[in-house]
Amino acid sequence: MHNYTGASLILGTYAFALQLYFDFSAYTDMARGTARMFGINLTENFDHPYLAQSIADFWRRWHISFSRWILDYVFKPLQMGWRNWGRAGTALALLVTFLVSGIWHGATWGFVCWGLLHGVYLAASTFYKPWQKKLYKQLGIDRSPWIKWWQAFVTFNLVSFAWVFFRANNPADAWYVARHYLYGAKGLNFDLLFLQDPFELVVLLMAISLFLSLKRFVLDHDILFTKNIYCRWGVYLLVAASSQLFRLSNDSFIYFGF
């Protein structure tokens, strides 16, 4: 990691954010699909989280079953206990809740920092949100069609930055990444992504686009299953071929660790 700087680290951060989402989401989608074979409909666990327009919205979309659990059994009791402190009590409850979330993922400083960072995001939003509409109105962008895309862009970058602490071996490595994003760039080094050349990156991005399109517009709405056999099997083969193009790792799901 310490051999990389600048654009390589930025690209690696985004790539890990996507890898983690595909890993977690696919793992739960397979569980849901298996359950449906037996007539059991499990709750959707990931609802396009990287389209979220705020960190709070992200947690309504990411790992939904876990988010609901910490909301009901950690955040709400703390919020009720500190309700006399007003907005400060809510902010503190969020900070503690996400500290617990980090420790739940693992008793390491990386997970603790990741949880605290999300807690800081959410705690800060409790003070910023009342001013947000006023600020947008003063800037004349409150009715802009682009504001939602800007919010999604900012949210994705905040979440991706936090994933650095989730992934790093220790906080020192995470801090190295944070300090070297925009400094000493040596150009893109594709070895960071286990890719050998830019062509493989293009293939990777095409496969990602295919996955997102299929998941959102086909698989989520059962449209695929109303098509004829040639269309269905064409999609099946395309997905299988795309999977083979990755060839990135033979490791088990990251989600197995949790």
Can you say whether L117 is in the same structural domain as S67 (by TED's automatic domain parsing), farther than 14 Å from W163 by Cα and of a type outside the set (K, R), as far as the supplied structure shows?
no
Mind checking which residues of the stretch 113-157 are within 16 Å of F16 (Cβ to Cβ) and surrounded by fewer than 17 Cβ atoms within 10 Å (Cβ to Cβ)?
N157
Check whether at least one residue in the stretch 32-39 is free of Cβ contacts under 8 Å to residues at least 12 places away in the same chain and in a loop (DSSP other than H, G, I, E, B), and report yes or no.
yes
If I filter the stretch 27-42 for residues that are crowded, with 16+ Cβ neighbours inside 10 Å, touching a Lys or Arg at 6+ places or on another chain (Cβ under 8 Å) and hydroxyl-bearing (S, T, Y), do I get at least one hit?
no
Within the stretch 14-35, residues among the charged types (D, E, K, R) and at pLDDT below 85 come out as D23, D29
Considering the stretch 143-165, residues that are over 17 Å from P49 (Cα atoms) and either in contact (Cβ under 8 Å) with a residue 24 or more places away in the chain or outside the structural domain of A56 (by TED's automatic domain parsing) (or both), and then whichever is nearest to the chain's Cα centre (by Cα), we arrive at V164
Those residues of the stretch 3-40 which are aromatic (F, W, Y) and within 14 Å of the chain's Cα centre (by Cα) amount to Y14, F16, Y21, F22, F24
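The values are calculated or read from the model by the stated rules, or taken from the named source; none is laboratory data. Keep in mind it's a predicted model, so treat the numbers as computed, not measured. Neighbour counts run over all protein chains shown; Cβ positions are idealised from the backbone, glycine included.
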